[in-house]
Amino acid sequence: MESKFYKKFTTTIRECNYDNTYKMAWAKALVEICSSSKLNGNVITITLDDIAYKFLKYYWNQTIFFDLIQGSNPKKPPIILSLVKFLINNYYLAISKKQPEVFEKVEDRLENLLINNEYKNTLNNITNILKKDVSWRFDNIQDNSEKLYEYTQNSNYLKMKVENVIILKNYEQDLYDLINYKWSLILESFNTSPRINKKVRIIDERSIKRSSLNKFKQYLNLENPKHYCFVCGKETNETELSIDHVIPWSYMYSDDLWNLVYVCQHCNSIKSNIIPTESQIEKLKDRNNNLLRIIEESNISNKVIEELKLAIDKDYVNKFWSGCKS
């Protein structure tokens with residue numbers, strides 16, 4: 001028999017508003033903390049500092065790789081998101097390069113780098129926002145007949161019955177799936193970026209798996225054997241050659257031949273996630289048509305080539321570029 005607590009918890013997730021993603025982060029943090037809690041007595045105490053830590057982890061991982069919009073007003077982003085972005089920028093300054101890493105890999109470095117104070121301040125500021133807003137609003141979405149937890153506004157902690165903690169433990173994976181799905185639905189109303197579900201799921205992983213692009217060289221070499229840089233046009237030797245996504249990987253979250261070109265390492269390092277210009281888009285379309293012609297003349301046929309044909313037929317370059325710009 002479904003418990004009243006479980007029904008209210010899941011209904012709260014399903015029926016929350018679409019203003020921002022705070023409530024999804026709050027729900028996920030509760031499940032994650034309860035799943036690792038030791039059960040002694042009739043209640044457990046969860047500090048808002050612990051929940052703030054989870055918020056920072058979730059928003060760091062989604063932001064540093066994909067820079068997703070997390071609120072309904074792009075000109076006035078959620079405060080917690082702005083705090084996380086500020087910390088990320090300070091992290092990049094401290095390491096002198098833009099090298100995205102999941103939070104779990106850089107946590108120790110954040111404490112040891114010169115930005116240690118910024119890291120602690122970010123956590124404290126997130127805690128204060130949770131006290132004033134998210135903590136009590138989450139439990140106010142449904143009727144008050146069955147409280148999800150005991151919380152006094154502006155308190156540093158909340159208390160949850162052990163019997164309810166056990167429910168969250170037992171249904172941990174089902175709840176993650178529900179929260180990620182709802183989080184994705186909310187994000188899709190703010191973002192035109194594709195593969196939202198995959199981008200939300202990365203907060204359940206410890207690393208972002210990037211595949212080697214070397215398998216695409218055999219095709220790129222057919223059209224560009226002298227390795228001219230797509231950006232600056234200079235001929236590039238093998239040691240200084242890179243393969244780059246014209247439409248940024250952070251938007252596409254995939255490796256597709258129609259979006260890959262040779263660039264020199266210098267141009268690749270300064271390009272980062274910059275959206276391509278219209279002239280670069282037209283250049284990419286011309287390259288794709290020329291590449292397909294050469295491949296067909298060479299009688300090569302496989303899945304990669306079929307995907308290239310489909311991309312040209314469906315005008316993926318313009319479609320994804322338009323979505324990326326918006």
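Side notes on the structure shown:
- Selected residue (only one of SER269, SER301, SER322 is surrounded by fewer than 17 Cβ atoms within 10 Å (Cβ to Cβ) and more than 25 Å from the chain's Cα centre (by Cα)): SER301
- Whether a residue is buried (at least 18 other Cβ atoms within 10 Å of the Cβ), part of a helix (DSSP H, G or I) and in contact with a Lys or Arg (Cβ under 7 Å, 6 or more places away or on another chain) was assessed, and ILE186 does not pass this test.
- Looking across region 57-69, the residues that are of a type outside the set (S, T, N, Q) and assigned to a helix (DSSP H, G or I) come down to LYS57, TYR58, TYR59, TRP60, ILE64, PHE65, PHE66.
- Within region 197-221, the set of residues being without any contact (Cβ under 8 Å) to a residue 40 or more places away in the chain and not hydroxyl-bearing (Ser, Thr, Tyr) comprises ASN197, ARG201, ASP204, LYS209, ARG210, ASN214, LYS215, LYS217, GLN218, ASN221.
- Complete set of residues in region 269-310 that are touching a residue at least 12 places away in the same chain (Cβ under 8 Å) and of a type in the set (Ser, Thr, Tyr): SER272, SER298
- Exclusive hit being at pLDDT 95 or above, of a type in the set (A, V, I, L, M, F, W, C) and either closer than 25 Å to GLU15 by Cα or under 20 Å from the mean Cα position of the chain (by Cα) (or both), set ILE186, ILE167: ILE167
- Top-ranked residue in region 29-39 [being farther than 27 Å from ILE88 by Cα and touching a residue at least 24 places away in the same chain (Cβ under 8 Å); ranked as surrounded by the most Cβ atoms within 10 Å (Cβ to Cβ)]: CYS34
- Among the candidates LEU292, LEU284, LEU310, residue that is among the hydrophobic types (A, V, I, L, M, F, W, C) and at pLDDT below 90: LEU310
- In region 47-68, the residues that are at positive phi form Cβ pairs under 8 Å with partners that are in a helix (DSSP H, G or I), at six or more places apart or across chains, as follows: ASP67/SER250.
The values are calculated or read from the model by the stated rules, or taken from the named source; none is laboratory data. None of the values given here were measured: they were computed from a predicted structure. In this analysis, Cβ positions are derived from the backbone assuming ideal geometry, glycine residues included, and neighbour counts consider all displayed protein chains.
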